[in-house]
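FYI, it's all coordinate maths here, none of it is from the lab. Just so it is clear, the model here is predicted, and its values are computed rather than measured. Please note: Cβ atoms are built from the backbone with ideal geometry, for glycine as well, and neighbour counts cover all protein chains shown.
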Amino acid sequence: MKIGIKDVLYRIRPFFILYLLFLCACLVIKLLYTRQEVFFAVNGWNSPWADYIEPYMTDLGDGLTAITLSLIMLLFSYRKFLLLASSYLVTSLVAQVLKYIVDAPRPMLYFESQWSHVHTVKGIYILSFNSFPSGHTTSAFSAALVITYLCKNKGWGVPALLIAMLVGYSRMYLTQHFFEDVIAGSVIGVMVTVFWLTWLDSKQFIHTDKWNKGLYRTLFK
């Protein structure tokens, strides 16, 4: 079964169109404001309820969430499990390699002399190195894209994208990343996943009856 990039983009069209609009808005913000202005603008919009919510929101972009979603997919379809799990692994690997190549300081180190004026969330351990790109954001956008790709109702791509955006925002709110890190993470998550799905979902074996049933049907058929 031959699947091209156009086929993948068509299957995620609501998600991808809105993502392009989101990306354009981010690029406009980047052109109009400095790194420091964006960071302190986000940091200044804090509240007790956001301090409570954002750590949970950021957890949606970590490895445990990706593993949990993949295991749920495993129950119903080996194909869906493989597409989701492998997309997470590939995009995470790309993000981690870039982190160590770029080796950029995180906000705590970058704004070390001004850190006493920065709002931080109690109980959050703040890292200092390997800021670019945001790994949580990469994983969130990758998972959102794969879920949109697999859903029959493509309208689910809208809330999936919104959740991924909120994960990215949480990384800035928790002072773990810069705006640029989040933008780059989203681009890696989307573009690498599109190319990966184009390659992997074109393989003939993944569309056989064996791969389109899951662990549940295998054990209780």
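Using Cα pairs under 8 angstrom and six or more residues apart, how large is the relative contact order of the chain, in percent?
35 percent.
Let me have the relative contact order for segment 5-125, percent, based on Cα pairs under 8 Å that are six or more residues apart.
25 percent
Roughly speaking, what is the stretch gain from Leu75 to Asp103, that is 0.36 nm per residue apart minus the C-alpha to C-alpha distance, in nm to one decimal?
So the extension gain works out to 6.2 nm.
Tell me the label only: which of (i) 1.08; (ii) 1.21; (iii) 1.14 is Cα Rg over 2.2 N^0.38 Å as calculated from this structure?
The value matching this structure is (i).
Starting from segment 1-101, pick out the trypsin sites (Lys or Arg not before Pro) whose DSSP state is loop and whose Cβ has at most 11 other Cβ atoms within 10 Å.
Answer by residue number: Lys2.
Please find, in a Gaussian network model of the chain (springs between Cα atoms separated by less than 10 Å), the residue of Leu32, Leu69, Leu166 whose mean-square fluctuation is greatest.
Leu32
Which of the three applies to segment 61-187, rounded, prolate or oblate, going by the alpha-carbon gyration tensor with a ≥ b ≥ c and a/c under 1.5 meaning rounded?
Since a/c reaches 1.5 and a/b is larger than b/c, the shape of segment 61-187 is classed as prolate.
Using the alpha-carbon atoms, what tilt in degrees (0 to 90, nearest 10) does helix 157-173 show relative to the longest principal axis of the chain?
Taking the Cα atoms of the chain, the angle to 157-173 is about 30 degrees.
Among the chymotrypsin sites (Phe, Trp or Tyr not before Pro) in segment 1-85, which ones are in a DSSP loop with at most 16 other Cβ atoms within 10 Å of the Cβ? Mind listing them?
Listed in order of number, the matching sites are Tyr33, Trp45.
Cross-link candidates for Lys152: which aspartates and glutamates have Cα within less than 18 Å, leaving aside residues fewer than 8 places away along the same chain?
Asp7, Asp201
So how much slack lies between Ile29 and Thr68, counting 0.36 nm per residue of separation and subtracting their Cα-Cα distance, in nm?
Extending this stretch completely gives an extra 10.6 nm.
Which pairs, out of Lys2/Lys154; Lys154/Lys213; Lys2/Lys210; Lys80/Lys122; Lys30/Lys203, put more than 30 Å between their alpha-carbon atoms?
In this structure, Lys80/Lys122; Lys30/Lys203 exceed 30 Å between Cα atoms.
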